[in-house]
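The values are calculated or read from the model by the stated rules, or taken from the named source; none is laboratory data. A quick note: this is a predicted structure, and the numbers were derived from the prediction, not measured. We place every Cβ from the backbone using ideal geometry, glycine too, and count neighbours over all the protein chains shown. Heavy atoms of the whole protein, side chains included, go into the accessibility calculation; ligands, DNA and RNA do not. Shrake-Rupley method; radii C 1.70, N 1.55, O 1.52, S 1.80 Å.
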Amino acid sequence: MRRFAIVFGAALPLLGASGALAEDVLIRVEAKRGTEVARSAAQGWSERFDDVVTFPLSDGWIGIGLGPMPREQATARLRQLRSDGQVPGDSFIAPADGRRLTQVDSPTTPDASAAAPEPVAAVPPEAPAADTGPVAAGTPGTPSTFPQPAAPEVVTPVEPPAPAKVFLRLESTTDRAKAEEMLAKWRETLPEAGLWTLPNGRLAIAFGPVEEPTGEAWLTAFKAAGAIPKDAFLTSPEEVGEVAIAGSAPELAPPPATDAARPAMPSLEDIQRALRWAGHYDGAIDGKDGPMTRAAIAAEIVRLRASPDTATAMAELTRRREAWRTEMGLTELQDSHTGLALPAPMDRLQFDRAERALSIYGPKDGSGAALILFSQPGGQQELQDLSGLVTALGWVPAPTRRIQKGSIILDGRNQTHIGHAEGRVVDGHAQGFVLIWPVQNPEEQRRLAAELSDNIARFAPGAGEAVPEIPAIAPATEVTTQTGVASPATP
């Protein structure tokens, strides 16, 4: 069995002596995660090439390449290898400087373990001093008879090499007009993208530059989210060619340097709530790892750009949601009249009154906000009746309706406010809420509606459960707030 032989340390002086180290590069052909997987893949490559090397990347990934060799030789060789179909189409040239290279023995290479030990240079014995007779201690110009301390070794600090830079190449064309149309489209989601003229004359959309480990991690993240083509790949600055329309360097967070630097993954329920808060998830809060949850996580990683690592990105998202909840002043509201509890922005609301199945909280200090809770024994018909009342009072203006068995959702707006109502049949009760919010803050309203929807729960029987009928509240009794939002005031 062939084994990996560490040759970089031995080869370094030789390369340095020739003056070619700074110019040498590798042809990157593949990357694998895990030592054994990379070892097996590299041995397969060594059956075709006698200069296969491996080198660590980040997050457990190991690169596989050919070389090192001068850049001009690598460029010509890569072109020929691609033409002959001997390497993947996304192979690219990467600097060799600063990498810890491990050469992979080819089938004809002798076992490294059988190599002769490295010879040790002989040190000539110290010549005996001439007999000059007795010498007085401390006499100038005479050798001391006592052992002298060795001179301290001077260590010159070596600056670590800068990480290699790469581009994410998205797609290419030969038509300049089409290339500019493609660039405009890509900049809607990747505004830093630019247009490059490849060495073969084609025009390519590219995104970068970024450090290679960061580029590898984000290439995977972007593909998982469907944000870039499946055949997008990394390429070196030399391979991407000359700038046709300049882009800008993207700000992409690097992956965690070590497993210890990766935070604990939040629970799936917390992730789903945070994803709904962010506007990227419309499924159930059930803690199940389904396709909707995975797609939403991938989309949020790309949007947030906090990290290509799932645990890191989701921890940051949940942190942002908690910071927003604190900023909004959300506190637990337990409404004894309906028996419902939910987080509410109580610094913008104040209790108005309870009426049959309704508990009404109007605007506080001219906030233009209102919250109505409702609960009564019943089912789908009671939900229908409640939705009719909500519409008649203008709480949800000209609503669009989403009606399913056991649930109704209404959404609408006018010049002054946004209305959102949700009702569900839960344990024999028709219950839910209506949120009224100033039209100037639609993002705030959407996030708050998601918080109410995901966290509303029954904590006690409602005081009005013995009276199932819904009160008749005439629209004419409404009171306009300071901001013009219709408030369900006392009839």
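Size check on the range 166-209: the Cα extents along the three principal axes, sorted descending, read 26, 24, 10 Å. Near K178, which lysines are there with a Cα under 26 Å away, not counting those fewer than 8 places off in the same chain? Within the straight-line cut-off, K178 pairs with K223, K230. Rg of the Cα atoms in the range 296-364, relative to 2.2 N^0.38 Å, amounts to 1.60.
The fraction of accessible area contributed by carbon and sulfur in the range 169-209 is 48 percent, rounded to a whole number (1.4 Å probe; ligands and nucleic acids excluded).
State whether the range 272-335 is rounded, prolate or oblate according to the following rule on the C-alpha gyration tensor (a ≥ b ≥ c being the square roots of its eigenvalues): a/c under 1.5 gives rounded; otherwise a/b larger than b/c gives prolate, and the remaining case gives oblate.
Taking the square roots of the gyration eigenvalues as a ≥ b ≥ c, the range 272-335 is oblate.
The alpha carbon gyration tensor of the range 203-329 gives principal lengths a ≥ b ≥ c with a/c of 1.5 or higher and a/b greater than b/c, which makes the shape prolate.
Solvent-free Debye calculation, one equal scatterer per alpha-carbon of the range 240-397: log10 I(q)/I(0) at 0.10, 0.17, 0.18, 0.19 Å⁻¹ equals -0.58, -1.11, -1.15, -1.20. A Cβ-based charge dipole, computed about the Cα centre of the range 193-240 with Lys and Arg at +1 and Asp and Glu at -1, lands at about 260 debye. Approximating the spin labels as points 7 Å out from Cα along Cα→Cβ, the E444-to-R356 distance works out to 3.3 nm.
With both labels modelled 7 Å from their Cα along Cα-to-Cβ, the D259 to V243 distance reads 4.2 nm.
Per residue, the solvent-accessible area of the range 261-325 (1.4 Å probe, heavy atoms of protein chains only, all protein chains present) comes to 44 Å². Stretched out straight at 0.36 nm per residue, the stretch from D427 to A460 would grow longer than its current Cα-Cα span by 10.6 nm.
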